[in-house]
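Right, one structure below, let's go through it.
Bear in mind that the values in this text are calculations on the coordinates, not laboratory data. Predicted model, so just to flag it, every value in this text is computed and none were measured. Glycine also receives a Cβ, built like all others from the backbone with ideal geometry; neighbour counts cover every protein chain displayed.
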Amino acid sequence: MNINLNQTFWQQSNPVGKWVAIAMSMFSKDGNPQNSNFSKVFKNSAPECNSSILSIIESNIIPRLLSSRNVDTSVSASLPASRALPSEKEVEEFALMCISDDHLAPQAFINRMLNEGLTKENIFLDLITPAARYLGAQWELNLLDFYLVTHGLVRLHSVTHNIGFSYMDGPLVQGEVRRIMIASAPGSEHLLGPLIVSEFFRKEGWQVVLEISPSLKELVQAVGNEWFDAIGLSISIQDQLSELSSLVSQIKKSSRNPRVAILLGGPIFTLNEYAASDFGASGICTDAKDAVPLALSLMVND
């Protein structure tokens, strides 16, 4: 589902081509991308690029950080007098923890605030949500590169699950609008490639959910919470292939759609020949412009 094409041609003829060229290096942790060049090129590649990360945070990631079943987003919950709401400085401190090398720091920060009297609702509405917006703003100001922003969003998603919340507001049965979830295989911390592919589906009228679950359990849970006509999985590195058949099997078992089409893509499939049946999937796509037609054909013929 990622891209195998002439990068020079696409960069010259299509603004999305610059996104694609950068995504190819960002997908693999072994690709050694130059983050400073990445930020510069991506921000200048097309007018809509500047708003992409902010729009995805506002329209997709923040709603999925909050549980409509458990959190009243209209007002903050009543707060014990023992603890004030997080200050701007504390939100910034927490956001920076989410992009640090200390993966335990964000959860420890939240635990301390809970012990001081904040409720879980306060944590989501007054700490996690503004932290996500802060990371997006740092990207817009060119102060953080895309990799760090993605890393921070994955951490936010993880601590959200750790304290017992998940997004469960999507449709539970098939509807008139086609829906696809696009996700990276567990263990990946990239967002740009799946974001690029999602744009092809959105332009064809699909409703797209961009899932950034950092673990197998969370990804399978997300699949089971809503109806999807198709699932797109992006695979970055060789090591992820060993667990791919198990991942596909668990997704099928969890899916509310018994005929869900599962598409595979990513840089690894441009390096070697694989069959979708090797992993129990419906199809493999190595060219982004073919992703939507392939998904439609699999839905019809599956």
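Would you please put 113-121, 228-236, 90-98, 127-135 in order of how densely packed they are, using the mean number of other Cβ atoms within 10 angstrom per residue and starting with the highest?
Per-residue Cβ counts within 10 Å, averaged per peptide and sorted highest first, yield 228-236, 127-135, 90-98, 113-121.
Rank these for me by crowding, His157, His151, His103, going from fewest to most other beta carbons within 10 Å.
Starting with the residue having the fewest Cβ neighbours, the order is His103, His151, His157.
Using θ = phi - 60° and the Karplus form 6.51 cos²θ - 1.76 cosθ + 1.60, what ³J(HN,Hα) does each residue of the range 274-283 get, whole Hz, x for Gly and Pro?
After applying 6.51 cos²θ - 1.76 cosθ + 1.60, I find 9, 9, 4, 5, 4, 10, x, 8, 8, x Hz.
Counting every Cα pair in the range 168-302, what percent are over 27 Å apart?
The share of Cα pairs beyond 27 Å in the range 168-302 comes to 8 percent.
Label-point separation (nm) for Ser297 and Asn115, each offset 7 Å from Cα along Cα-to-Cβ?
Going by the 7 Å Cα→Cβ label model, 5.8 nm.
GluC sites (Glu not before Pro) within the range 212-302: which are DSSP loop residues with at most 10 other Cβ atoms inside 10 Å?
The qualifying sites are Glu273.
So if we plug the beta-carbon distance of Lys289 and Leu143 into 1/(1 + (r/R0)^6) with R0 = 30 Å, what FRET efficiency do we get, rounded to 0.05?
Efficiency at R0 = 30 Å is approximately 0.35.
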